[in-house]
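Student: Got a structure here, written out as structure tokens. Questions coming.
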Amino acid sequence: MDLFNEAGPDASSVPCDVEARPLAERLRPTRIEDVVGQEHLTGPDAPLARMVAARRLSSIIFWGPPGIGKTTLARLLADLVGMRFEAFSATDVTVAGLKAAYAEAKRHLRMGKRTVLFLDESHRAARNITETLLPVMEDGTITAILATTEAPSFTLPKGITSRARVLTLNPLDTGGLTQLLDRAEEHCGVQLNLTDEARIALFEQAGGDGRYFLNMVEDLLDAPAMEPLAPEDLRRILSRRIANYDRQGDGHYELASAFQKSIRGSDPDAALYYGARLVQAGEDPRFILRRLLVMASEEVAMADPTILGVVAAALDTFQHVGMPEAKYALAQAIVAVATAPKSNAVYLAWKQAMALAEATPNVRPPRRILNAPTELHRSLGFKTDYEYSHDWPNAFSAQNYWPDELGRHRFYAPNERGFEATIKRRVEHWNGLREERDRRDADG
């Protein structure tokens with residue numbers, strides 16, 4: 001089930017307070033222009049409008065959050081172009097059930113009637129389920145419309161995504177939710193008695209999910225208030241919404257991505273917000289702290305080498321005292337990494353070093369810097385001419401440690417931010433001494 005179901009011809013004549021079907025079912029659009037919030041797909045000259053005008057559907061993947069009209073659009077499209085509609089959910093569909101549907105679709109195709117096969121929750125489908133779709137999509141037995149709340153490129157086989165057009169549906173904004181509320185009030189003949197603050201809170205509580213929004217509206221309409229309801233009244237009447245979050249799904253990756261971008265952008269307030277969102281959604285704080293450990297090296301590194309220790313201490317605090325007491329150590333670590341000077345010089349240096357290592361896996365280090373544990377090693381020149389750094393002024397010999405066939409390479413380029421500015425001066429000094437020695441050695 002999605003946002004709306006097809007309303008019967010007498011739906012509006014049934015009193016709101018005795019109608020058994022949920023309000024979201026009764027208000028499900030029967031015309032494509034009545035679908036709210038997806039005008040980029042349904043408006044004039046938009047993709048779905050062009051398909052309807054041509055009376056020819058191509059296979060589609062609807063990608064978007066729950067409760068915004070994916071099933072509704074699939075049903076309407078089939079009806080508008082005169083095609084049969086077969087619906088399945090990936091949570092309980094079987095290969096046998098699909099093959100029976102394909103056989104029925106072929107039978108109707110011989111009689112001139114094409115079929116839309118709709119697969120809801122397609123990101124949950126097992127591979128043997130999605131693999132059955134490929135040949136019947138290819139030979140035109142069915143037109144497939146798949147609905148998913150997860151990124152298709154991650155959750156669906158490439159064969160499916162290459163044969164279907166991915167169309168993104170948006171969560172409903174305030175304008176779309178206002179339209180739904182107006183329709184609900186008109187259908188039931190009752191106005192919600194809300195303060196302005198409560199109306200805003202109701203919209204925020206919906207999280208862009210039209211179906212959930214109408215379920216809340218129905219709860220409020222079932223018990224009309226004599227006095228305007230305030231936000232605290234809503235919290236009392238309505239059960240708290242579970243966060244739209246799946247540790248393996250888009251919600252997880254979107255929040256984690258926003259968290260890291262805020263850290264990198266040195267915005268401690270945004271970083272705290274997304275960190276709190278992750279915790280509120282039930283994420284294990286150890287996941288957040290592990291990400292902070294990575295960022296302490298990837299985003300800060302030698303610009304402030306103490307930050308890695310701060311995050312490690314926060315993780316240790318969490319291991320010892322747990323939540324909720326460790327929440328302040330977590331917040332401290334977030335603020336520490338977000339406000340530290342940033343440098344990705346170590347990150348870039350490691351990438352370059354890995355690239356050269358992969359390209360030269362068989363190049364041996366020079367014998368002059370290798371130990372000589374036996375007489376044979378010594379006779380072959382191992383450790384010959386090795387210069388012990390501490391025997392030189394300032395413990396620096398400027399000896400070349402690189403394989404002779406490679407020559408010197410420079411990966412690490414420290415910047416001028418934070419403590420790395422000091423390191424930059426050191427590295428430039430050492431590089432200058434190395435170049436001076438290389439010139440002397442070249443002159444003989």
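The values are calculated or read from the model by the stated rules, or taken from the named source; none is laboratory data. Since we're looking at a predicted model, the values are computed, not measured. Virtual Cβ from ideal backbone geometry, glycine too; neighbours counted across all protein chains shown. The protein model used for the area step is the full one, side chains on, heavy atoms only, and it has no ligands, DNA or RNA in it. Shrake-Rupley method; radii C 1.70, N 1.55, O 1.52, S 1.80 Å.
Condition check ((1) within 49 Å of the chain's Cα centre (by Cα); (2) in a loop (DSSP other than H, G, I, E, B); (3) at negative phi) across all residues:
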site: Asp385; (1), (2), (3): no, yes, no
site: Ala398; (1), (2), (3): yes, yes, no
site: Pro403; (1), (2), (3): yes, yes, yes
site: Ala413; (1), (2), (3): yes, yes, yes
site: Arg417; (1), (2), (3): yes, yes, yes
site: Gly432; (1), (2), (3): yes, no, yes
site: Glu436; (1), (2), (3): no, no, yes
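Student: Which ones in the stretch 256-302 are of a type in the set (Asp, Glu) and surrounded by 17 or more Cβ atoms within 10 Å (Cβ to Cβ)?
Tutor: Glu283, Glu298, Glu299
Student: What residue, of Glu33, Glu86, is open to solvent by 40 Å² or more (accessible area, probe 1.4 Å), outside any loop (DSSP other than H, G, I, E, B), in contact with a strand residue (DSSP E or B) (Cβ under 6 Å, 6 or more places away or on another chain) and not polar (S, T, N, Q)? Spell out the reasoning first.
Tutor: Numbers: Glu33 fails: in contact with a strand residue (DSSP E or B) (Cβ under 6 Å, 6 or more places away or on another chain).
Testing whether each residue is open to solvent by 40 Å² or more (accessible area, probe 1.4 Å), outside any loop (DSSP other than H, G, I, E, B), in contact with a strand residue (DSSP E or B) (Cβ under 6 Å, 6 or more places away or on another chain) and not polar (S, T, N, Q) leaves just Glu86.
Student: Restricting attention to the stretch 49-60, report how many residues are open to solvent by 20 Å² or more (accessible area, probe 1.4 Å) and in contact (Cβ under 8 Å) with a residue 24 or more places away in the chain.
Tutor: Counting residues in the stretch 49-60 that are open to solvent by 20 Å² or more (accessible area, probe 1.4 Å) and in contact (Cβ under 8 Å) with a residue 24 or more places away in the chain gives 4.
Student: Sticking with this one: Looking at the stretch 303-342, which of its residues are open to solvent by less than 50 Å² (accessible area, probe 1.4 Å), touching a Pro at 6+ places or on another chain (Cβ under 8 Å) and under 12 Å from Pro285 (Cβ atoms)?
Tutor: Matches in the stretch 303-342: Phe318, Ala326, Leu330, Ile334.
Student: Tell me, which helices (runs of 4 or more DSSP H) wholly within the stretch 279-379 include 1 or more residues that are in contact with a helix residue (DSSP H, G or I) (Cβ under 7 Å, 6 or more places away or on another chain)? Lay out the reasoning, then the answer.
Tutor: Details: elements: 285-295, 307-321, 327-339, 345-359, 375-379.
In the stretch 279-379, 285-295, 307-321, 327-339, 345-359 are the helices (runs of 4 or more DSSP H) which contain 1 or more residues that are in contact with a helix residue (DSSP H, G or I) (Cβ under 7 Å, 6 or more places away or on another chain).
Student: Take the stretch 108-140 and flag every residue that is open to solvent by 10 Å² or more (accessible area, probe 1.4 Å) and not in a helix (DSSP H, G or I).
Tutor: Met111, Gly112, Lys113, Arg114, Asp120, Glu121, Ala125, Ala126, Asp139, Gly140
Student: Which of the residues belonging to the stretch 354-376 are open to solvent by 80 Å² or more (accessible area, probe 1.4 Å) and more than 15 Å from Glu405 (Cβ to Cβ)?
Tutor: Glu358, Asn371, Pro373, Glu375, Leu376
Student: Filter the stretch 36-48 down to the residues that are at pLDDT below 90 and over 24 Å from Leu214 (Cα atoms), then identify the one that is surrounded by the fewest Cβ atoms within 10 Å (Cβ to Cβ).
Tutor: So the residue we want is Asp45.
Student: Right, something else. How many residues, within the stretch 61-76, are outside any loop (DSSP other than H, G, I, E, B) and either surrounded by fewer than 18 Cβ atoms within 10 Å (Cβ to Cβ) or not aliphatic (A, V, I, L, M) (or both)?
Tutor: 6
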